[in-house]
Amino acid sequence: MARIDFAFGAPDRLRMACDVVRKHHAAGRPLLVYSQNSGRLKQFDRLLWSFEPTAFIPHVAVDDELAPVTPVLLTSTLPTPQQHPRHAESPVWLLNLDDNAPETATQFQRILEIVDSKPAEVQNARQRWKAYKEAGHDLHAHDVSARA
């Protein structure tokens with residue numbers, strides 16, 4: 001089962017996701033970022049290029065020709081660690097930006113969830129938490145509201 005960390009109370013979900021990606025990229029960790037919502041994924045892609053003037057986080061879509069040499073990959077298809085070319089070298093962590101828990105969660109060692117305070121997002125997060133719990137995952141909650 002996966003360890004799943006929920007960061008609750010984020011002032012801005014996608015902005016905090018950029019900070020999380022930056023942190024894990026700096027640690028050399030391969031990441032897969034998932035959302036079925038292609039608009040949200042495109043918005044996140046754009047934000048990764050502009051969220052901080054001096055930050056550079058190499059990222060592309062999983063099917064891009066540069067994916068084999070890129071540490072952060074974006075996907076709108078059901079995620080699996082094998083989508084990341086570095087999966088044989090190091091565990092791939094999943095940053096889930098989707099509204100639902102991915103059916104493939106058991107294939108990951110770690111999953112990161114970021115939740116803002118919008119009522120619809122909180123409700124979606126509660127459903128993801130419930131799905132993960134019923135599947136027997138190791139859940140951890142972190143209040144990040146003070147980071148505003």
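Before moving on, here are some points about what is shown:
- Subset of the stretch 111-130 (residues that are within 17 Å of the chain's Cα centre (by Cα) and hydrophobic (A, V, I, L, M, F, W, C)): Ile111, Leu112, Ile114, Val115, Val122, Ala125, Trp129
- Close Cβ contacts (under 9 Å, 6 or more residues apart or on different chains) running from residues in the stretch 121-136 that are in contact (Cβ under 8 Å) with a residue 12 or more places away in the chain to residues that are in a helix (DSSP H, G or I) comprise Glu121/Arg13; Ala131/Ala105; Tyr132/Ala105; Ala135/Ala105; Ala135/Thr106; Gly136/Thr106.
- Flag if Phe44 is loosely packed, with under 12 Cβ neighbours inside 10 Å and either under 19 Å from His24 (Cβ atoms) or under 17 Å from the mean Cα position of the chain (by Cα) (or both): no
- Qualifying positions in the stretch 42-75 - in a strand (DSSP E or B) and aliphatic (A, V, I, L, M): Val60, Ala61, Val72, Leu73, Leu74
- Criterion violated by Asp45 - all others in (1) free of Cβ contacts under 8 Å to residues at least 12 places away in the same chain; (2) among the charged types (D, E, K, R); (3) in contact with a His (Cβ under 9 Å, 6 or more places away or on another chain) satisfied: (1)
- For the stretch 20-41, a residue qualifies if it is aliphatic (A, V, I, L, M) and either in a strand (DSSP E or B) or crowded, with 18+ Cβ neighbours inside 10 Å (or both), and the qualifying residues are Val20, Val21, Leu31, Leu32, Val33, Leu41.
- All of (1) assigned to a loop (DSSP other than H, G, I, E, B); (2) over 20 Å from Asp138 (Cα atoms); (3) not aliphatic (A, V, I, L, M) hold for Pro91 with one exception: (2).
- Residues satisfying the stated conditions in the stretch 94-106, i.e. among the polar types (S, T, N, Q) and part of a loop (DSSP other than H, G, I, E, B): Asn100, Thr104
Where a number appears in this text, it was derived from the coordinates with a stated rule and is not lab data. Computed from a predicted structure; not experimentally measured. Neighbour counts are summed over all protein chains in view; Cβ atoms, including those assigned to glycine, are modelled from backbone coordinates with ideal geometry.
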